[in-house]
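What follows is a short report on a single structure.
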Amino acid sequence: MTEVFVVNSGSSSIKYQLVNVETGEPQVSGLIERIGEPGSKAKDHAAGMTIALDRLGDGHDIAAVGHRVVHGGTVFTEATVITDRVQKQIEELSPLAPLHNPANLVGIRAAIAALPDVPQVAVFDTAFHKTLRPEAYTYAIDVKVAARHGVRRYGFHGTSHKYVSERAAAFLGRPLEETKTIVLHLGNGASACAVDGGESIDTSMGMTPLAGLVMGTRSGDLDPAILSYLHREAGLGFDQLDDLLNHNSGLLGLTGEGDMRDVQDAASTGDETAEAALAVYRHSIRHYIGAYLAQLGRLDALVFTAGVGENSVALRAQSLAGLEGLGISVDSARNSAQSKSERYISPDGSPVAVLVIPTNEELEIARQTVAAIGA
Ligand code: ADP
(Lines give C-alpha, C1' and ligand atoms only; values in the text may rest on other atoms or scores of the structure.)
Protein backbone atom coordinates (compact mmCIF):
# COMPACT_ATOMS: atom_id res chain seq x y z
CA MET A 1 0.00 0.00 0.00
CA THR A 2 1.38 3.43 -0.95
CA GLU A 3 0.25 6.22 1.35
CA VAL A 4 0.80 9.88 0.50
CA PHE A 5 0.22 12.65 3.00
CA VAL A 6 -1.37 15.54 1.10
CA VAL A 7 -1.01 19.02 2.57
CA ASN A 8 -2.75 22.24 1.61
CA SER A 9 -1.28 24.92 3.83
CA GLY A 10 -2.98 28.30 4.13
CA SER A 11 -1.92 31.36 6.09
CA SER A 12 -3.66 30.14 9.26
CA SER A 13 -4.72 26.61 8.39
CA ILE A 14 -3.46 23.20 7.31
CA LYS A 15 -5.84 20.96 5.37
CA TYR A 16 -4.50 17.42 5.20
CA GLN A 17 -5.40 14.01 3.90
CA LEU A 18 -3.65 10.66 3.98
CA VAL A 19 -4.41 9.01 0.64
CA ASN A 20 -4.07 5.36 -0.29
CA VAL A 21 -2.88 5.79 -3.86
CA GLU A 22 -3.82 2.26 -4.96
CA THR A 23 -7.48 2.49 -3.91
CA GLY A 24 -7.74 6.27 -4.18
CA GLU A 25 -9.40 6.27 -0.77
CA PRO A 26 -8.64 8.85 1.90
CA GLN A 27 -7.41 7.07 5.04
CA VAL A 28 -7.62 10.11 7.29
CA SER A 29 -8.45 13.72 6.54
CA GLY A 30 -8.76 16.85 8.59
CA LEU A 31 -8.21 20.53 9.04
CA ILE A 32 -6.15 22.45 11.59
CA GLU A 33 -7.55 25.98 11.83
CA ARG A 34 -6.77 29.24 13.55
CA ILE A 35 -3.02 28.58 13.60
CA GLY A 36 -1.22 31.27 15.56
CA GLU A 37 -4.41 32.73 17.02
CA PRO A 38 -4.71 33.24 20.78
CA GLY A 39 -6.04 30.11 22.48
CA SER A 40 -5.24 27.84 19.54
CA LYS A 41 -3.34 24.62 20.30
CA ALA A 42 -1.30 25.20 17.15
CA LYS A 43 0.92 28.17 17.93
CA ASP A 44 2.51 27.92 14.49
CA HIS A 45 2.46 25.70 11.39
CA ALA A 46 5.11 23.39 12.85
CA ALA A 47 2.86 22.72 15.85
CA GLY A 48 -0.13 22.32 13.52
CA MET A 49 1.74 19.78 11.42
CA THR A 50 2.66 17.77 14.52
CA ILE A 51 -1.00 17.72 15.58
CA ALA A 52 -2.08 16.59 12.10
CA LEU A 53 0.52 13.80 11.99
CA ASP A 54 -0.43 12.65 15.51
CA ARG A 55 -4.03 12.37 14.38
CA LEU A 56 -3.05 9.89 11.69
CA GLY A 57 -2.40 7.33 14.41
CA ASP A 58 0.07 4.45 14.31
CA GLY A 59 0.91 1.98 11.60
CA HIS A 60 1.23 4.29 8.65
CA ASP A 61 4.14 4.27 6.26
CA ILE A 62 4.09 7.62 4.49
CA ALA A 63 5.85 7.25 1.13
CA ALA A 64 5.87 10.98 0.40
CA VAL A 65 4.27 14.30 1.27
CA GLY A 66 2.45 16.09 -1.56
CA HIS A 67 2.06 19.83 -1.13
CA ARG A 68 -0.44 21.95 -3.01
CA VAL A 69 1.41 25.05 -4.19
CA VAL A 70 -0.64 27.73 -5.89
CA HIS A 71 1.82 29.49 -8.18
CA GLY A 72 4.52 27.77 -10.19
CA GLY A 73 4.93 30.62 -12.67
CA THR A 74 6.74 29.51 -15.81
CA VAL A 75 9.37 27.77 -13.68
CA PHE A 76 7.36 24.73 -12.60
CA THR A 77 5.31 22.86 -15.20
CA GLU A 78 5.36 19.50 -13.39
CA ALA A 79 5.07 18.15 -9.88
CA THR A 80 8.57 18.64 -8.47
CA VAL A 81 10.56 17.02 -5.66
CA ILE A 82 11.28 19.78 -3.15
CA THR A 83 14.91 20.72 -2.61
CA ASP A 84 16.37 23.86 -1.01
CA ARG A 85 16.55 25.37 -4.47
CA VAL A 86 12.89 24.56 -5.19
CA GLN A 87 11.90 26.23 -1.93
CA LYS A 88 13.82 29.30 -2.96
CA GLN A 89 12.14 29.36 -6.37
CA ILE A 90 8.68 29.05 -4.79
CA GLU A 91 9.61 31.97 -2.57
CA GLU A 92 10.76 33.99 -5.58
CA LEU A 93 7.34 33.45 -7.17
CA SER A 94 5.59 34.97 -4.13
CA PRO A 95 5.02 38.41 -5.69
CA LEU A 96 2.70 36.66 -8.18
CA ALA A 97 0.71 34.99 -5.37
CA PRO A 98 1.34 36.93 -2.15
CA LEU A 99 -1.69 35.42 -0.41
CA HIS A 100 -0.74 31.84 -1.22
CA ASN A 101 2.87 30.94 -1.98
CA PRO A 102 4.33 32.15 1.35
CA ALA A 103 1.67 30.15 3.23
CA ASN A 104 2.34 27.07 1.10
CA LEU A 105 6.03 27.42 1.86
CA VAL A 106 5.46 27.60 5.62
CA GLY A 107 3.58 24.29 5.33
CA ILE A 108 6.42 22.76 3.31
CA ARG A 109 8.98 23.77 5.94
CA ALA A 110 6.82 22.42 8.76
CA ALA A 111 6.42 19.07 6.96
CA ILE A 112 10.14 18.80 6.26
CA ALA A 113 10.85 19.46 9.95
CA ALA A 114 8.32 16.83 11.03
CA LEU A 115 9.21 14.22 8.42
CA PRO A 116 12.83 14.91 7.44
CA ASP A 117 13.41 11.51 5.81
CA VAL A 118 10.28 11.48 3.68
CA PRO A 119 10.39 12.92 0.13
CA GLN A 120 8.39 16.11 -0.27
CA VAL A 121 6.79 17.08 -3.56
CA ALA A 122 5.23 20.34 -4.73
CA VAL A 123 2.17 20.06 -7.00
CA PHE A 124 1.33 23.35 -8.65
CA ASP A 125 -2.13 24.75 -9.38
CA THR A 126 -0.75 26.43 -12.48
CA ALA A 127 1.02 23.42 -14.00
CA PHE A 128 -1.88 21.95 -16.00
CA HIS A 129 -2.15 25.23 -17.92
CA LYS A 130 1.39 24.96 -19.29
CA THR A 131 -0.18 24.01 -22.64
CA LEU A 132 -1.85 27.42 -23.13
CA ARG A 133 -0.73 28.89 -26.45
CA PRO A 134 0.73 32.43 -26.50
CA GLU A 135 -2.53 33.82 -27.90
CA ALA A 136 -4.36 32.47 -24.85
CA TYR A 137 -1.85 33.59 -22.22
CA THR A 138 -0.73 36.96 -23.58
CA TYR A 139 -2.23 40.19 -22.25
CA ALA A 140 -2.10 42.89 -24.90
CA ILE A 141 0.15 45.32 -23.06
CA ASP A 142 3.69 46.55 -23.75
CA VAL A 143 5.66 43.33 -24.23
CA LYS A 144 8.71 44.68 -22.44
CA VAL A 145 6.74 45.55 -19.30
CA ALA A 146 4.96 42.18 -19.40
CA ALA A 147 8.21 40.23 -19.86
CA ARG A 148 10.06 42.10 -17.13
CA HIS A 149 7.38 41.43 -14.54
CA GLY A 150 6.02 38.04 -15.62
CA VAL A 151 2.64 39.52 -16.54
CA ARG A 152 0.66 36.85 -18.41
CA ARG A 153 -2.16 34.41 -17.84
CA TYR A 154 -1.06 31.39 -15.77
CA GLY A 155 -4.42 29.90 -14.73
CA PHE A 156 -5.22 28.01 -11.50
CA HIS A 157 -7.28 25.04 -10.20
CA GLY A 158 -5.17 23.02 -12.63
CA THR A 159 -5.11 19.92 -10.45
CA SER A 160 -8.90 19.88 -10.42
CA HIS A 161 -9.32 20.68 -14.12
CA LYS A 162 -6.88 17.89 -15.03
CA TYR A 163 -8.52 15.31 -12.78
CA VAL A 164 -12.07 16.20 -13.80
CA SER A 165 -11.41 16.39 -17.55
CA GLU A 166 -9.67 12.99 -17.46
CA ARG A 167 -12.53 11.48 -15.49
CA ALA A 168 -15.03 12.96 -17.96
CA ALA A 169 -13.37 11.23 -20.92
CA ALA A 170 -13.18 7.95 -18.98
CA PHE A 171 -16.83 8.27 -17.91
CA LEU A 172 -17.87 8.77 -21.53
CA GLY A 173 -15.62 5.90 -22.66
CA ARG A 174 -13.85 8.16 -25.12
CA PRO A 175 -10.11 8.54 -25.79
CA LEU A 176 -8.88 11.58 -23.89
CA GLU A 177 -6.91 12.75 -26.96
CA GLU A 178 -10.14 13.18 -28.92
CA THR A 179 -12.33 14.70 -26.21
CA LYS A 180 -13.26 18.36 -25.95
CA THR A 181 -14.45 19.43 -22.52
CA ILE A 182 -15.40 22.56 -20.63
CA VAL A 183 -14.89 22.18 -16.88
CA LEU A 184 -16.73 24.56 -14.55
CA HIS A 185 -15.00 24.39 -11.16
CA LEU A 186 -17.43 26.30 -8.95
CA GLY A 187 -16.30 26.44 -5.31
CA ASN A 188 -15.51 29.45 -3.14
CA GLY A 189 -12.98 30.18 -5.84
CA ALA A 190 -14.27 29.39 -9.30
CA SER A 191 -12.78 28.92 -12.73
CA ALA A 192 -13.67 27.57 -16.14
CA CYS A 193 -11.28 25.63 -18.35
CA ALA A 194 -11.40 24.59 -21.99
CA VAL A 195 -9.68 21.22 -22.33
CA ASP A 196 -8.85 19.89 -25.79
CA GLY A 197 -7.50 16.35 -25.98
CA GLY A 198 -6.42 16.44 -22.33
CA GLU A 199 -4.66 19.81 -22.66
CA SER A 200 -5.78 23.12 -21.17
CA ILE A 201 -6.22 25.59 -24.03
CA ASP A 202 -7.93 28.39 -22.12
CA THR A 203 -8.92 29.18 -18.57
CA SER A 204 -10.73 31.99 -16.84
CA MET A 205 -8.31 32.82 -14.03
CA GLY A 206 -5.38 34.92 -15.11
CA MET A 207 -2.06 36.08 -13.75
CA THR A 208 -3.73 35.68 -10.35
CA PRO A 209 -6.79 33.76 -9.10
CA LEU A 210 -8.84 36.98 -9.12
CA ALA A 211 -9.89 36.93 -12.78
CA GLY A 212 -12.76 35.19 -14.54
CA LEU A 213 -15.99 33.98 -13.00
CA VAL A 214 -17.84 35.70 -10.18
CA MET A 215 -16.76 33.94 -6.96
CA GLY A 216 -17.66 33.83 -3.27
CA THR A 217 -15.66 36.91 -2.32
CA ARG A 218 -13.68 37.68 -5.51
CA SER A 219 -14.95 39.92 -8.27
CA GLY A 220 -13.81 37.95 -11.29
CA ASP A 221 -13.41 39.95 -14.50
CA LEU A 222 -13.78 43.69 -14.52
CA ASP A 223 -12.61 46.62 -16.62
CA PRO A 224 -9.00 47.19 -15.48
CA ALA A 225 -9.54 50.96 -15.58
CA ILE A 226 -11.93 50.60 -12.61
CA LEU A 227 -8.87 50.33 -10.36
CA SER A 228 -7.35 53.67 -11.28
CA TYR A 229 -10.82 55.23 -11.37
CA LEU A 230 -11.56 54.12 -7.78
CA HIS A 231 -8.08 55.18 -6.76
CA ARG A 232 -8.75 58.71 -8.07
CA GLU A 233 -12.44 59.08 -7.27
CA ALA A 234 -12.82 57.10 -4.03
CA GLY A 235 -9.29 57.63 -2.72
CA LEU A 236 -8.70 53.90 -2.33
CA GLY A 237 -5.09 52.82 -2.07
CA PHE A 238 -3.78 49.71 -3.78
CA ASP A 239 -3.96 47.53 -0.67
CA GLN A 240 -7.57 48.60 -0.18
CA LEU A 241 -8.35 47.85 -3.81
CA ASP A 242 -6.71 44.43 -3.49
CA ASP A 243 -8.77 43.77 -0.40
CA LEU A 244 -11.99 45.01 -2.01
CA LEU A 245 -11.63 42.80 -5.07
CA ASN A 246 -10.31 39.67 -3.32
CA HIS A 247 -12.23 39.67 -0.04
CA ASN A 248 -15.25 41.93 -0.35
CA SER A 249 -16.57 41.33 -3.84
CA GLY A 250 -18.29 38.48 -5.68
CA LEU A 251 -21.40 37.14 -3.96
CA LEU A 252 -20.27 38.73 -0.68
CA GLY A 253 -19.93 42.16 -2.24
CA LEU A 254 -23.25 41.89 -4.03
CA THR A 255 -25.32 40.50 -1.15
CA GLY A 256 -23.40 40.56 2.13
CA GLU A 257 -23.15 36.72 2.01
CA GLY A 258 -20.20 34.95 0.39
CA ASP A 259 -21.51 31.41 0.73
CA MET A 260 -23.65 30.18 -2.16
CA ARG A 261 -26.08 28.31 0.10
CA ASP A 262 -26.83 31.47 2.07
CA VAL A 263 -27.39 33.47 -1.10
CA GLN A 264 -29.68 30.80 -2.52
CA ASP A 265 -31.60 30.57 0.75
CA ALA A 266 -32.13 34.32 0.70
CA ALA A 267 -33.23 34.25 -2.94
CA SER A 268 -35.71 31.47 -2.22
CA THR A 269 -37.44 33.65 0.36
CA GLY A 270 -37.87 36.39 -2.23
CA ASP A 271 -34.78 38.50 -1.53
CA GLU A 272 -34.37 40.42 -4.78
CA THR A 273 -30.76 41.45 -4.10
CA ALA A 274 -29.80 37.81 -3.71
CA GLU A 275 -31.64 36.81 -6.88
CA ALA A 276 -29.95 39.62 -8.82
CA ALA A 277 -26.54 38.44 -7.57
CA LEU A 278 -27.29 34.89 -8.69
CA ALA A 279 -28.20 36.24 -12.10
CA VAL A 280 -24.81 37.98 -12.32
CA TYR A 281 -23.11 34.75 -11.24
CA ARG A 282 -24.94 32.73 -13.91
CA HIS A 283 -24.28 35.37 -16.57
CA SER A 284 -20.53 35.02 -16.06
CA ILE A 285 -20.77 31.22 -16.35
CA ARG A 286 -22.67 31.51 -19.64
CA HIS A 287 -20.13 34.02 -20.90
CA TYR A 288 -17.33 31.49 -20.50
CA ILE A 289 -19.33 28.58 -21.90
CA GLY A 290 -19.87 30.59 -25.06
CA ALA A 291 -16.25 31.69 -25.23
CA TYR A 292 -14.88 28.18 -24.78
CA LEU A 293 -17.33 26.63 -27.23
CA ALA A 294 -15.81 28.95 -29.82
CA GLN A 295 -12.21 28.19 -28.73
CA LEU A 296 -12.84 24.43 -28.86
CA GLY A 297 -14.94 24.52 -32.04
CA ARG A 298 -17.02 21.55 -30.83
CA LEU A 299 -17.94 20.22 -27.42
CA ASP A 300 -18.25 16.68 -26.09
CA ALA A 301 -18.69 17.32 -22.38
CA LEU A 302 -19.63 20.19 -20.10
CA VAL A 303 -18.72 19.30 -16.54
CA PHE A 304 -19.76 20.80 -13.20
CA THR A 305 -17.50 20.27 -10.20
CA ALA A 306 -16.58 21.61 -6.71
CA GLY A 307 -18.96 22.69 -3.93
CA VAL A 308 -21.47 24.68 -5.97
CA GLY A 309 -21.10 22.68 -9.18
CA GLU A 310 -21.51 19.30 -7.48
CA ASN A 311 -24.37 20.28 -5.20
CA SER A 312 -26.55 23.03 -6.58
CA VAL A 313 -29.36 21.61 -8.71
CA ALA A 314 -30.84 25.05 -9.31
CA LEU A 315 -27.59 26.73 -10.31
CA ARG A 316 -26.83 24.01 -12.86
CA ALA A 317 -30.30 24.09 -14.40
CA GLN A 318 -30.59 27.87 -14.52
CA SER A 319 -27.06 28.44 -15.86
CA LEU A 320 -27.77 26.22 -18.85
CA ALA A 321 -31.37 27.28 -19.52
CA GLY A 322 -31.99 28.14 -23.15
CA LEU A 323 -28.75 26.66 -24.51
CA GLU A 324 -30.48 23.83 -26.42
CA GLY A 325 -29.50 25.52 -29.69
CA LEU A 326 -25.86 24.90 -28.69
CA GLY A 327 -26.56 21.22 -28.02
CA ILE A 328 -26.60 21.79 -24.26
CA SER A 329 -29.60 20.73 -22.20
CA VAL A 330 -30.39 19.41 -18.73
CA ASP A 331 -32.75 16.57 -17.83
CA SER A 332 -34.50 17.78 -14.70
CA ALA A 333 -34.98 14.34 -13.12
CA ARG A 334 -31.30 13.46 -13.63
CA ASN A 335 -30.20 16.88 -12.41
CA SER A 336 -32.28 16.59 -9.22
CA ALA A 337 -31.21 13.03 -8.34
CA GLN A 338 -29.31 12.94 -5.05
CA SER A 339 -25.93 11.39 -5.74
CA LYS A 340 -22.26 11.77 -4.94
CA SER A 341 -21.26 9.78 -8.03
CA GLU A 342 -20.08 10.85 -11.45
CA ARG A 343 -23.25 11.23 -13.50
CA TYR A 344 -25.03 12.53 -16.57
CA ILE A 345 -27.49 15.35 -16.14
CA SER A 346 -28.21 15.75 -19.86
CA PRO A 347 -30.85 13.64 -21.59
CA ASP A 348 -29.92 10.56 -23.66
CA GLY A 349 -28.87 11.46 -27.17
CA SER A 350 -27.93 15.04 -26.26
CA PRO A 351 -25.10 16.34 -28.53
CA VAL A 352 -23.15 17.60 -25.50
CA ALA A 353 -22.89 15.36 -22.42
CA VAL A 354 -23.54 17.52 -19.36
CA LEU A 355 -21.91 15.82 -16.37
CA VAL A 356 -21.40 16.23 -12.66
CA ILE A 357 -18.00 14.90 -11.63
CA PRO A 358 -16.87 15.33 -8.01
CA THR A 359 -13.36 16.72 -8.01
CA ASN A 360 -10.63 15.03 -6.00
CA GLU A 361 -7.62 17.31 -5.83
CA GLU A 362 -6.07 15.32 -2.98
CA LEU A 363 -6.03 12.11 -5.02
CA GLU A 364 -4.60 13.91 -8.03
CA ILE A 365 -1.88 15.50 -5.85
CA ALA A 366 -1.12 12.08 -4.33
CA ARG A 367 -0.79 10.46 -7.76
CA GLN A 368 1.42 13.20 -9.12
CA THR A 369 3.52 13.01 -5.95
CA VAL A 370 4.10 9.30 -6.45
CA ALA A 371 4.99 9.89 -10.11
CA ALA A 372 7.44 12.64 -9.15
CA ILE A 373 9.38 10.43 -6.70
CA GLY A 374 9.35 7.62 -9.25
CA ALA A 375 7.76 5.14 -6.82
P1 ADP B 1 -13.36 25.68 -1.84
O2 ADP B 1 -13.19 26.51 -3.07
O3 ADP B 1 -13.08 26.44 -0.59
O4 ADP B 1 -12.70 24.31 -1.92
P5 ADP B 1 -15.88 24.23 -2.13
O6 ADP B 1 -15.53 23.57 -3.41
O7 ADP B 1 -16.08 23.37 -0.93
O8 ADP B 1 -14.92 25.42 -1.76
O9 ADP B 1 -17.23 25.06 -2.40
C10 ADP B 1 -17.79 25.86 -1.42
C11 ADP B 1 -19.06 26.49 -1.98
O12 ADP B 1 -19.98 25.43 -2.32
C13 ADP B 1 -19.78 27.39 -1.00
O14 ADP B 1 -20.19 28.58 -1.64
C15 ADP B 1 -21.01 26.57 -0.62
O16 ADP B 1 -22.11 27.36 -0.30
C17 ADP B 1 -21.26 25.82 -1.89
N18 ADP B 1 -22.14 24.67 -1.66
C19 ADP B 1 -21.90 23.56 -0.95
N20 ADP B 1 -23.00 22.77 -0.91
C21 ADP B 1 -23.96 23.42 -1.62
C22 ADP B 1 -25.33 23.14 -1.95
N23 ADP B 1 -25.93 22.04 -1.54
N24 ADP B 1 -25.98 24.06 -2.69
C25 ADP B 1 -25.39 25.19 -3.11
N26 ADP B 1 -24.12 25.51 -2.84
C27 ADP B 1 -23.42 24.64 -2.11
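The set of residues in segment 114-162 that are open to solvent by 60 Å² or more (accessible area, probe 1.4 Å) and in contact with a Ser or Thr (Cβ under 9 Å, 6 or more places away or on another chain) contains only LYS130.
For LEU299, are the conditions met, namely being part of a loop (DSSP other than H, G, I, E, B) and at pLDDT 95 or above?
Here the answer is yes, as LEU299 does meet what is asked.
Assess whether LEU323 counts as being under 21 Å from ALA169 (Cβ atoms) and either away from the ligand (no atom under 16 Å from the Cβ) or aliphatic (A, V, I, L, M) (or both). Judged against the criteria, LEU323 is not a match. Return a yes/no flag: does segment 57-68 have any residue that is open to solvent by 30 Å² or more (accessible area, probe 1.4 Å), part of a strand (DSSP E or B), closer than 30 Å to GLY150 by Cα and among the β-branched types (Val, Ile, Thr). No - not one qualifying residue is present in segment 57-68. The set of residues in segment 302-349 being open to solvent by less than 70 Å² (accessible area, probe 1.4 Å), of a type in the set (Gly, Ala, Ser) and over 19 Å from the mean Cα position of the chain (by Cα) consists of ALA314, ALA317, SER319, ALA321, GLY322, GLY327, SER329, SER336, ALA337, SER339, SER341, SER346. Could you list, in sequence order, all residues of segment 257-272 that are more than 17 Å from GLN318 (Cα to Cα) and either within 13 Å of the ligand (Cβ to nearest atom) or in contact with a helix residue (DSSP H, G or I) (Cβ under 9 Å, 6 or more places away or on another chain) (or both)? If the condition is that a residue be more than 17 Å from GLN318 (Cα to Cα) and either within 13 Å of the ligand (Cβ to nearest atom) or in contact with a helix residue (DSSP H, G or I) (Cβ under 9 Å, 6 or more places away or on another chain) (or both), then GLU257, GLY258, ASP259, ASP262, ASP271 are the ones that fit. Only a single criterion out of (1) assigned to a helix (DSSP H, G or I); (2) touching a Pro at 6+ places or on another chain (Cβ under 7 Å) is not satisfied by PHE156, namely (1). Contact map, segment 289-307: residues that are more than 14 Å from SER350 (Cα to Cα) and within 16 Å of the ligand (Cβ to nearest atom) paired with residues that are β-branched (Val, Ile, Thr) and open to solvent by 10 Å² or more (accessible area, probe 1.4 Å), Cβ distance under 9 Å, separation 6+ or inter-chain. Pairs shown: THR305/THR359; ALA306/THR359.
Within the set ALA211, ALA194, ALA225, ALA234, the sole residue that is in contact with a strand residue (DSSP E or B) (Cβ under 9 Å, 6 or more places away or on another chain), away from the ligand (no atom under 16 Å from the Cβ) and not acidic (Asp, Glu) turns out to be ALA194.
Cβ separations smaller than 6 Å between residues 6+ apart or across chains give no pair from segment 161-175 residues that are under 13 Å from SER191 (Cβ atoms) to residues that are charged (D, E, K, R) and surrounded by fewer than 22 Cβ atoms within 10 Å (Cβ to Cβ). Within segment 222-246, the set of residues being in contact with a helix residue (DSSP H, G or I) (Cβ under 8 Å, 6 or more places away or on another chain) and open to solvent by 100 Å² or more (accessible area, probe 1.4 Å) comprises PHE238 only. Applying the condition of being more than 15 Å from the ligand (Cβ to nearest atom) and among the aliphatic types (A, V, I, L, M) to segment 175-191 and asking which residue is surrounded by the most Cβ atoms within 10 Å (Cβ to Cβ) yields ILE182.
The values are calculated or read from the model by the stated rules, or taken from the named source; none is laboratory data. The structure presented is a predicted model; accordingly, all values stated were derived computationally and were not measured. Here Cβ is always computed from backbone atoms with ideal geometry, including for glycine, and neighbour counts include all displayed protein chains. For the accessible areas, the whole protein counts, side chains as well, though only heavy atoms, and no ligand, DNA or RNA atoms are used. Shrake-Rupley method; radii C 1.70, N 1.55, O 1.52, S 1.80 Å.
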